[in-house]
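This report concerns only the one structure given below.
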Amino acid sequence: MSQVAGAQEAADAVETAVAASVEALRPTAGIDWTQPTADLDWSVLRTAEHIADCLVGYAGQVVGQPRQGYVMPDLPFPPDMTPDQAIDVVAAGGAILASVVRTSPPSARGYHPYGTSDPVGFAAMGVVECLVHTRDIRLTAGLPWPLPEQPCRFAVERLFPGAPAGAPAEVLLWCTGRAPLAELPRQATWRWDGTVRD
């Protein structure tokens, strides 16, 4: 994937990430989704809700182009929502974001606290949220999961300038404070840079 991905590449990365996430989440439907997610204060259901919120919310930022704040409200899941229903919402959110990224003008800009961004940037944010939180849920279920390389590479290149070299999935996990990378210790704090770069 090129250093500066276009809308088509970005939308493809979202679709690849979300498809992999949905496939990875289905086997976790049998665990207790009210339990805390690994390394997070949220329940598993709340973590899936967050993935869906981000996917739909980032689409709203691209379309609404707000200078401050978010244009889309959160998508609160009802307490009795089943895991399979929650996973279906994640799938739908990914389709919405990919479609918006694919059809929006490159000049579109929307607010994010980590930097006003463009459609490609919001696509990368969606990829990060989807992949790292799917991994969090899989770890809660005791199921390791190899993240898909292509969307990881896209997200690292777009959101983490100056990231160390390495396998894209391993670098993304280090960039998001999930794991050490070679001799680099796991990060206690982290953030991406969503600002638009030429």
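The numbers here are math on the coordinates, done by the rules we state, and not lab data. Not measured: the values here are computed from a predicted model. For neighbour counting, all protein chains shown are included, and Cβ atoms are generated from backbone atoms with ideal geometry for every residue, glycine included.
Some points to look at:
- For the range 81-198: rounded, prolate or oblate by the Cα gyration tensor [a/c cutoff 1.5]: oblate
- When you restrict to C-alpha pairs under 8 Å that are six or more residues apart and normalise by the size of the range 97-168, the relative contact order lands at 25 percent.
- Coarse-grained scattering of the range 26-92 at q = 0.14, 0.20, 0.26 Å⁻¹, given as base-10 log I(q)/I(0) from a Debye sum over alpha-carbon atoms: -0.46, -0.80, -1.11
- From most to least packed by mean Cβ count within 10 Å, the peptides 8-20, 168-180, 69-81 give 8-20, 168-180, 69-81.
- Listed by Cβ neighbour count within 10 Å, with the fewest neighbours leading, Cys130, Cys54 appear as Cys54, Cys130.
- In the chain, the calculated helix contribution to ellipticity at 222 nm averages -17500 deg cm²/dmol per residue, counting -39,500 (n - 2.57) for every DSSP H run with n ≥ 4.
- Convex hull of Cα atoms in the range 7-175, direction-averaged projection (nm²): 9.1
- Efficiency of FRET between Leu143 and Ser107 - r from beta-carbon atoms, R0 35 angstrom, step 0.05: 0.25
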